[in-house]
Every structure is written in C-alpha cells, then in structure tokens.
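The values are calculated or read from the model by the stated rules, or taken from the named source; none is laboratory data. These figures come from a predicted structure and were not determined experimentally. Neighbour counts are summed over all protein chains in view; Cβ atoms, including those assigned to glycine, are modelled from backbone coordinates with ideal geometry. Please note that ligands, DNA and RNA were not included when accessible areas were found on the heavy atoms of the full protein model with its side chains. Shrake-Rupley method; radii C 1.70, N 1.55, O 1.52, S 1.80 Å.
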2 protein chains.
Amino acid sequence: MTIYQATASAPVNIACIKYWGKRDTKLILPTNSSFSVTLDQDHMRSTTTSRADPAFEKDRLWLNGKEEEIKAAGRMATCIAEMKRLRKFEVEDKEPNAPKLSTFHVHIASFNNFPTAAGLASSASGLAALVASLAYLYDLPISPSKLSVIARQGSGSACRSLYGGYVAWEMGSKSDGSDSLAVQIAPETHWPDMHAVICIVSDDKKGTSSTSGMERTVETSTLLQHRIKHIVPQRMEEMKKAVLDKDFDTFAKLTMADSNQFHAVALDTEPPIFYMNDISRTIVNIIVEYNRISIANGGGYKAAYTYDAGPNAVIYAPKANIQEILQLVTYYFPQKEFKDLFGVLRGGKLEGRLVEGFNEIVAKKYDVGAVKGLIHTKVGDGPRKLGNEESLLGESGLPTNLVA
Amino acid sequence: MTIYQATASAPVNIACIKYWGKRDTKLILPTNSSFSVTLDQDHMRSTTTSRADPAFEKDRLWLNGKEEEIKAAGRMATCIAEMKRLRKFEVEDKEPNAPKLSTFHVHIASFNNFPTAAGLASSASGLAALVASLAYLYDLPISPSKLSVIARQGSGSACRSLYGGYVAWEMGSKSDGSDSLAVQIAPETHWPDMHAVICIVSDDKKGTSSTSGMERTVETSTLLQHRIKHIVPQRMEEMKKAVLDKDFDTFAKLTMADSNQFHAVALDTEPPIFYMNDISRTIVNIIVEYNRISIANGGGYKAAYTYDAGPNAVIYAPKANIQEILQLVTYYFPQKEFKDLFGVLRGGKLEGRLVEGFNEIVAKKYDVGAVKGLIHTKVGDGPRKLGNEESLLGESGLPTNLVA
C-alpha cells in the first residue's frame, strides 16, 4: 500500500519593517505591509511531516511530540481545509487518476529545533512548514506566494517564511485576502553577507500576546493610523531599494527606526504594552555606540537591532562585524559558554571585549544569565522538501518522538 | 540705608499633557500646549531671595549655597535682564521717585528643599521662584501670566509654576513668544481632593537631558508632528473640561495616555530615548491593575500615573485612595522607613498590602531600594511672598548657607 506522506522544513523570519495591527482578525489581514529577512534553517527551523491516510479517523496534530487540539473553525483547521480544497481544485479535479487525498484525514507532526520558550517566532516557521509539507504531500503546482495566503491565515507573519532571502508581505486590498501575500524581493544569494546575532534575553514578566496586543493598539493608539498610512508605505519602498542595492546603511537605519516605532505604538496603547526590558535597552545602547564610533570615524553603520513582541534582540550585521558584535555583547553580558552555531568563531576564543574608542559607560555590565544565550546565524533559503528518512511520523502514523 | 530685597517660594508642577519639543530653542517656544497640576509647596519648594544693591559689582547667583555662573546671553541672564527691563518700563519710567533698582546688580540665592538628584523638576520651581522674587523686589504691577513669559525663557515648564492649581501653558503663535504663557484653568481650591504620590525610582543609567532629547525628537521622530497637530489640541480641551468638571475618570485616562505618548515619541527618536525603566513599568502595571479591579466592580479610575524625562512615577489620585496606593506600592517596593510628609497616614502604620481582588502576579516584588523613597503631596498654590526672616542672603549680601 502506498504511503502518502511528505516532510518539509521551514525557516524563521525576523521583520525589519514590522507587522502590527490587523484589519481583519479572521482572515489575518494586516493594517500595513511588512518586510523580513529569512534566517538560515541550517540553524533554526521547524520540520513537519504530513500524512494522508483513508484509515485516519480525524485530522490530528502533534507539536514537539505532544498532541495539540485542532479546534473547529480555528486557524489550524482553516489552513488544513484550505490545503485540501487546493488539492481537489488544482489536482484531483484536473487529473481524474490522481488519488483523492483531499478526502482523507491527515496526521501532522511538527518539531522546532529551538526552544519555543525562547520567544522566537516559532509560529511563523511552524505554520510555514505545515503548509509546505501539505503542499508537497498534495503535489500542488502552485507558487510560494499562493501558499503564503494560506500560511497567513494560520499565523500572519508565517506567510513570510514561505520564501528565503528578503521578503515583503504585501498587505493587499481585497476583502477576501487573496492579494495579501508574500513576495520575494531578493533571494538569499543576492546578499548573502547579511548575518544575524540573536540575544535571548531573560525576562520574568509574562508578555502580552501579539494577537491581543495588536488588537488593543488598533483600538486605542492615536499614533498607529498615522504610522500605517504615512510612514510604512514609504519605508517599504526604501527598504526594498536598500536590499536591492545592498545598501546596509539604509537597511540599518530603517530597521532600527521601524523597531523603535513598533514599540512606540505599543507604548501608545491603553493600557500600554512593553515588550522591551532594561536588558533589551542596554543592547540598543551598545549597538548605538558601536555605530556612533564607526560613523564618527567616517565609516557607516555596522549593525542594526530589531525587537519583536518580546525582549529578545536580533542584531543584523555584515558578516565581517559579527565577531566584534559578539565580543561587545559578551563584554556586557558574560556567557557561561558560547557555542557559535554558524562557526565564524570556530577555532577562536570568544572574549568579551570593547572595540577601539567605545565609550564603556553607555551600558552597565550584567551578571551571567541576563542574556541567556546567543545564536549566530545568517540569511537563508525558503522551505525545503526533506526525504522520508527525516519523517517525524512512524509506520503507525503516530509521531516518532511522542510525548506521553 | 534701605535694603532692597525680596524672598519668594515657588512650587513644583507635574504635567498631565506633556511638553516635548521646541519650535524656537532660544525663546523656548514649544511645539504644543501643555497642562499641569501644581504641587503643594508646603512639601516641595524652591525658595529664592533677590537683592539689588548699587554696591554689587555684578549679577551673581547661588544655588543651594554654591555659586553658579550666570553665562552672558544664557537663559539665566535673559530672565534677569527681562525683569530689569520690566522694572524700568513698568515702574521707574512711570514713577520718577521710584528707586532705580533696574540699574543695580542683583545677588540671588536659591534653595530647593528636595534633592535635585531625585530627578524632580527642580528647574521649574527654581526659575519660578527666581522670577517671583525679582517681581516682588521690583514691585511689578503685572500678572503671573506676564511673569510666566519670562520664567519660560529660563526653563520652559517653569512658566507653569507661576500659578497654583491647574495650569495650562498655551503654546501661542507669535514669533516673539509674548503669547506663549501660563494661564490658570482652576485654582487649587476648586479641586483640592487631588493628591499625588511621587515614587523616586532607582536608576543607574545617565538619562538624556530633556533639552537635547526633545531636540532630537523634533528632528527625527516621524510620529511627533502628528501628535502635535492632531492629538494634543484635542486633549488640552478635554483636560480643561475634566478639571472644571472634577471628572477624575477623564483626567486619569488623559494623563496616562499622554504620559505613554510622550514616552512613545521619545522611543520613536533616532537613536531612541528611554526614560522609563523596568521599575517604572512595574508601577504602571500596579496602577493599571488597581484601576482594572475598580472598573470591573463598576467603579471608576482610582489613580493615574505619569512620567517625566526620568524613571520616577507621579501618581495622581483622589485623597481617599492614597492609603491604598501607598500600601500597593510598598507591597512591591518595600521601604526601610516611610515618612508621610502630608500626614494622611499619621498615626497609622504603613504596611505593604494588596487590595481585594488584586492580581498579585501583574508585578514582581523588588528588594528595598528599588523605589528609593515616596513623597505624598497634593495640589497647591502658586508662588508666595515670604518675610525677611526667611531670607537666604545675609547682611553681607552673600548666602547664609554658603558652600565653600
């Protein structure tokens, strides 16, 4: 008997022009376009195996080996239903001999190779991997942009993880959301020099979920509409040009300004939403000073910070600056051990160190643990089709990593 | 020989609609109107003695017993010159027998009864006391509004300390600044129930000065202009009405929203400006929860936080809520000792305690010292003329509290 199954992996993406606000909460249509860089799934990724089988009694989903309920009419159910509909419409209706996979229930097992607790965008990579694995399972002859429309309905920013490289989520204008989708502005090979350092920041405060946070901002901020209408459209155009020109100065300025503005409108919410904490702000000060001395010496920007709906910092920088950035961060935030996933420092020793001319007092030194970990990665590709040897489902149709 | 001398005290004011941005840095003309509550000078005040004497060789100034240079064409020199000009124009030119005090040099001694290091608005009360003492010395027949035009040129928000109670600083439109002045919307007797708790927050970061901070915001924030043109004018009208109606709910909502928005535009600055720290934000969370349970039980707002260009919280509340607020704050921020300046708790013991229904986990408990002190005060009156027994200048014309 044939096993209908496919496994895919998908990357994390971190926005440089931020998505904050929905104009349609059901379809997840945003109030503004956004822009992100896709990070290398050699380091961080979600892997998902989907199997369709006439013997399955219902659609089921496991995340990291633990079953999650697929709520009727929920976001997950919507994505699965949409994918089945595409299978029928694009394949089965056209090829009478194609197996009627759209009529079978599916089992889906997904795994994130990075801690979900770290506050990284695991829902983006997770939903992208789910949609990608179903697209491979169903053998759909459609573009990542079209798939992104479906991933978007699972988790807004997931749509941007359907492409590698430099990706825009165009907000669209149609009420059915069919034009609210991801497009690739440039592949990762266009500007492979873009690296990133993620600082996992310790936080003892439970943050506001981004879903409820953005809802409150849309309802109560008196600055958000101005941002949406008058600031973001121009920044999107400038950002696309900066990436096409490989103009890091403009990329950095826009990335930092838009991170700041996202947190500004969150603060302009009633009651106010704070995602950055004192540690996050210390990292801002370090990067500001690092850029200041470079610019004072006639150079350009050396790094750009950005913060999502949490305290973690993501620092984008050209590869050549990564070692200095890691040394600066570990100077103020000592690490017990540091494993450089990407290997720039392989063979070298990581030592906290200031760079020439750096004004030490812009930040205070923290104890070990304030920054819980550092991840060094870079721009990467979009979803990958994996072989059956990477399947997360066993013969039985249950996850191989099942958690009781 | 007659001694020409006057002593005045002036209060601190804390804005509810914030001043942030100058359209003219020399004249200190603001980009938007602002609104404040004047705090009781029985608790916090600046006291200033001014003396004019033909024997003095130059204008001199002492702050807390330490001489400060009066820089030529600086803000202090401008204020003194303007006051002398008014003396001549309003008094000497009209009454030929009036002594020609405008031709004498002055000695000015000023004293703040609260630590300047606390980050409270000492420049506001200080400049107001200086201008008031000179006005008494020169026997000027002019209104506080007219004096406020001069105090404004010393330190923008000082103009609001020329009145007690509830005060608007109308931004004006003239290029000479003659209509950018303070007006009293209601005296302290109109709504004496307005009390305040100031939380002095520990901070190990050197903040951005408000002068350079607002300059950077005007230059780089893409949200500030929207705030100035479209948000503040409406809030000013709503705030005036709220005060005239003694409508604490509206007062609280506007005060918190405008504090948040001021910090939002500071954050929307390049590089971003952070004045609030994790302790400040914890106090926000406490007040938000305190209001939430009241509103959930069918009540209204119980308190309103506001933050200036630093981490300290000022909490406005009706007198009846002060004890609960002090207990809530000290529950999360234990104090070694607590001296209630205003005496609501006189005879009672201050114990950190939650109120009924308060969700404890909205904040984490800090150690002693995170909030370094609490000041309980209330709305108060404008500058006072004091008797000679309160003079800060000795017979010699030098300060009695001279610091070597």
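Take the conditions (1) in a helix (DSSP H, G or I); (2) farther than 14 Å from A:ALA10 by Cα; (3) of a type outside the set (Phe, Trp, Tyr); A:VAL106 misses just one of them, which is (1).
Before we move on, is B:LYS174 open to solvent by 50 Å² or more (accessible area, probe 1.4 Å) and either among the β-branched types (Val, Ile, Thr) or under 30 Å from B:GLU95 (Cβ atoms) (or both)? Break it down stepwise before answering.
On the way: open to solvent by 50 Å² or more (accessible area, probe 1.4 Å): yes; either among the β-branched types (Val, Ile, Thr) or under 30 Å from B:GLU95 (Cβ atoms) (or both): yes.
Yes.
A:LEU223 fulfils the conditions (1) in contact with a Leu (Cβ under 6 Å, 6 or more places away or on another chain); (2) of a type in the set (A, V, I, L, M); (3) farther than 30 Å from B:ILE286 by Cα except for a single criterion, (3).
Among the conditions (1) open to solvent by 30 Å² or more (accessible area, probe 1.4 Å); (2) in contact (Cβ under 8 Å) with a residue 40 or more places away in the chain; (3) not in a loop (DSSP other than H, G, I, E, B), the only one that B:LEU374 does not satisfy is (1). Being touching a helix residue (DSSP H, G or I) at 6+ places or on another chain (Cβ under 9 Å), modelled with pLDDT of 95 or more and open to solvent by 10 Å² or more (accessible area, probe 1.4 Å) holds for only one residue in A:LYS246, A:LYS240, A:LYS229, A:LYS253, and it is A:LYS253. Here is a list of conditions, (1) at the interface with chain B (Cβ under 10 Å from one of its Cβ atoms); (2) surrounded by 24 or more Cβ atoms within 10 Å (Cβ to Cβ), and A:ILE279 meets all of them except one; can you say which number that is? With respect to (1) at the interface with chain B (Cβ under 10 Å from one of its Cβ atoms); (2) surrounded by 24 or more Cβ atoms within 10 Å (Cβ to Cβ), A:ILE279 is out only on (2).
When the stretch A:111-144 is filtered for residues that are open to solvent by less than 30 Å² (accessible area, probe 1.4 Å), under 16 Å from the mean Cα position of the chain (by Cα) and among the small types (Gly, Ala, Ser), the ones remaining, listed by number, are A:ALA118, A:ALA121, A:SER122, A:ALA124, A:SER125, A:GLY126, A:ALA128, A:ALA129, A:ALA132. Taking residues in the stretch B:69-95 that are touching a residue at least 24 places away in the same chain (Cβ under 8 Å), and partners anywhere that are open to solvent by 50 Å² or more (accessible area, probe 1.4 Å) and of a type in the set (Asp, Glu), the pairs with Cβ atoms closer than 8 Å and at least 6 places apart or on different chains are B:MET76/B:GLU68; B:VAL91/B:ASP139.
Out of the stretch A:321-337, which residues are over 30 Å from A:SER209 (Cα atoms) and either part of a loop (DSSP other than H, G, I, E, B) or free of Cβ contacts under 8 Å to residues at least 12 places away in the same chain (or both)? The answer is A:LYS336, A:GLU337. Which members of the stretch B:356-371 meet the condition of being touching a residue at least 40 places away in the same chain (Cβ under 8 Å), more than 12 Å from chain A (Cβ to nearest Cβ) and more than 11 Å from B:PHE333 (Cβ to Cβ)? Answer for the stretch B:356-371, where residues must be touching a residue at least 40 places away in the same chain (Cβ under 8 Å), more than 12 Å from chain A (Cβ to nearest Cβ) and more than 11 Å from B:PHE333 (Cβ to Cβ): B:GLU356, B:GLY357, B:PHE358. Filtered by the rule that a residue be open to solvent by less than 10 Å² (accessible area, probe 1.4 Å) and of a type in the set (Phe, Trp, Tyr), the stretch A:306-339 gives A:TYR307, A:TYR316, A:TYR332, A:PHE333. Scanning the stretch B:24-58 for residues that are in contact with a helix residue (DSSP H, G or I) (Cβ under 8 Å, 6 or more places away or on another chain) and either on the phi > 0 side of the Ramachandran plot or of a type in the set (Lys, Arg) (or both) yields a total of 3. Beta carbons closer than 8 Å, at least 6 apart along the sequence or on distinct chains, pair a first residue in the stretch B:222-247 that is more than 9 Å from chain A (Cβ to nearest Cβ) with a second that is open to solvent by 90 Å² or more (accessible area, probe 1.4 Å) and in a helix (DSSP H, G or I) for B:ASP247/B:LYS241. Here the strands (runs of 3 or more DSSP E) wholly within the stretch A:1-79 that include at least 3 residues being touching a Lys or Arg at 6+ places or on another chain (Cβ under 8 Å) and crowded, with 24+ Cβ neighbours inside 10 Å are A:4-11, A:13-17, A:34-38.
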